[in-house]
Amino acid sequence: MEIWQSSKSGPLYGLTLDLNIEQSDYIEALTQNAGVRVLVTSANKIGFPEDSGFSIAPGYSTSVGLKFLKISRLKSPYKSNCTDGFHTIYSANGGKAQTRYSVKACQNGCIQTQIASTCNCSAAAYPNPWNNTICPSDDKCVDKVLGDYRDEEFTCDCPQSCVAFDYGVTISQSKWPSARYQATSLTNLKNKGAGFKNADADFQAENLARLEIFLEELNYEDITESPSYSIPTLFGDVGGLAGFYVGVSMCSCAEFFELFIDLLIICMYRVCGSSSRDHIGHKGRTIENFAVGNGICNGSFSANTKRGVSGSNVSIGDMFTAQHPLPPPDYN
């Protein structure tokens, strides 16, 4: 089979199919819908159009834009509990799987296995790797097994695939052919073979459908499942919190040490001020009211005389101490 490839995106570089659904061959009592069921999937994956596909109607042009998807999931003990794939009834002769694992293939295989063990025959809708007798179409046993599966009387262990490839589709429709193009379309149709010599507008509207499949973009979307809180993240958070609390402890120790030094300096200032409160007499003059400031004992004194001179308050400079003798006052 030839594989067609496209290196550009857009409808002009995709695949265009004109389909004849041949409604004249439909079985009147069974066929309710007219159209074509379409499924786009990977080449090595079993497709199930009845479950995953979409329908296109005659008399319309359906455009299908594709976007490639890659989905990666986590194995046990995570909730997704995915699998790398295993053999199903769709595997070639029960040997190495020639097709990619899918949940639907696993479920169909589970149903066929249940039918074979319960009804001693195999349903015609599923592969029959055991070469069992095919069950009649109106077999009540088969209907009961299908009903039990629908009602979840029995379940099938079919986990999701750990790595899945799929296509996201964007579908749009338009009337085809248009009123102005219908004559040209009929001429082209009649030139395609003797079977279309009598084709008319009604035949086109009831039997012909156009399908356009193309790549929307030349890139793909990668969806990866990851743990919300992993073991390395836990250790990192524990280490970060430990570092934070150790840092806070060191800062607190530094703050207390600074407070202790400040209190010690204040106490020294007060002790120095109280020890300098001496009374030094010199011709009736008294030195008092010393205080401590900036690490040097400073203060003020009042000079009282017995000759009727009024007292005065004089500020002493930073370098003044009680060890320097005061010069005798001159009252003349």
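Each reported figure results from applying straightforward, stated rules to the coordinates on display, with no laboratory input. In this text the structure is predicted, and so the values were computed from the model without any measurement. Note that each Cβ is placed from the backbone with ideal geometry, even for glycine, and that neighbours are counted across all protein chains shown.
Suppose the Debye formula is applied to equal point scatterers at every Cα of region 1-72; what is log10 I(q)/I(0) at q = 0.16, 0.18 Å⁻¹?
Evaluating at q = 0.16, 0.18 Å⁻¹ gives log10 I(q)/I(0) of -0.80, -0.98.
What does the C-alpha gyration tensor say about the overall shape of region 57-173? Classify as rounded when a/c is under 1.5, otherwise prolate if a/b is larger than b/c, or oblate. Could the numbers behind the result be given before it?
Values: a/c = 1.94, a/b = 1.30, b/c = 1.49.
Oblate shape, in that a/c is at least 1.5 and b/c is the bigger or equal ratio.
Based on the mean of other Cβ atoms within 10 Å per residue, sort peptides 259-270, 73-84, 46-57 so the most packed one is first.
Top of the packing list down: 46-57, 73-84, 259-270.
At a Förster distance of 25 Å, what's the computed FRET efficiency of residue 182 paired with residue 40, Cβ-Cβ distance as r, to 0.05? Show your work: numbers first, answer last.
Values: r = 29 Å, r/R0 = 1.16.
That pair, residue 182 with residue 40, gives E of 0.30.
Under 1.5 on a/c is rounded, so check that first for region 132-240, then, if it is not, pick prolate when a/b is larger than b/c and oblate when it is not; a ≥ b ≥ c are the square roots of the alpha carbon gyration tensor eigenvalues. The partial results should precede the final answer.
Details: a/c = 4.35, a/b = 1.55, b/c = 2.81.
Because a/c hits 1.5 or more and a/b fails to exceed b/c, region 132-240 counts as oblate.
Express in nm, to one decimal, how much length is gained between residue 202 and residue 86 on full extension, taking 0.36 nm for each residue of separation and deducting their alpha carbon distance.
36.8 nm is the gain from fully extending residue 202 to residue 86.
Under the Karplus relation 6.51 cos²θ - 1.76 cosθ + 1.60, θ = phi - 60°, what is the ordered set of whole-Hz ³J(HN,Hα) values for region 68-75, x standing for Gly and Pro?
Once θ is set to phi - 60°, the couplings for region 68-75 become 6, 10, 10, 10, 10, 10, 9, 7 Hz.
Identify all aspartates and glutamates with a Cα-Cα distance to residue 45 below 20 Å; exclude those on the same chain that are fewer than 8 residues away in sequence.
2, 84, 157, 166, 221, 222
Once you place label points 7 Å from the Cα toward the Cβ at residue 152 and residue 19, how far apart are they in nm?
Inter-label distance under the simple model: 3.5 nm.
Using θ = phi - 60° and the Karplus curve 6.51 cos²θ - 1.76 cosθ + 1.60, what whole-Hz ³J(HN,Hα) does each residue of region 144-160 get, with Gly and Pro shown as x?
Running phi through 6.51 cos²θ - 1.76 cosθ + 1.60 with θ = phi - 60° gives 5, 5, 5, x, 5, 5, 5, 8, 6, 6, 9, 10, 10, 7, 10, x, 5 Hz.
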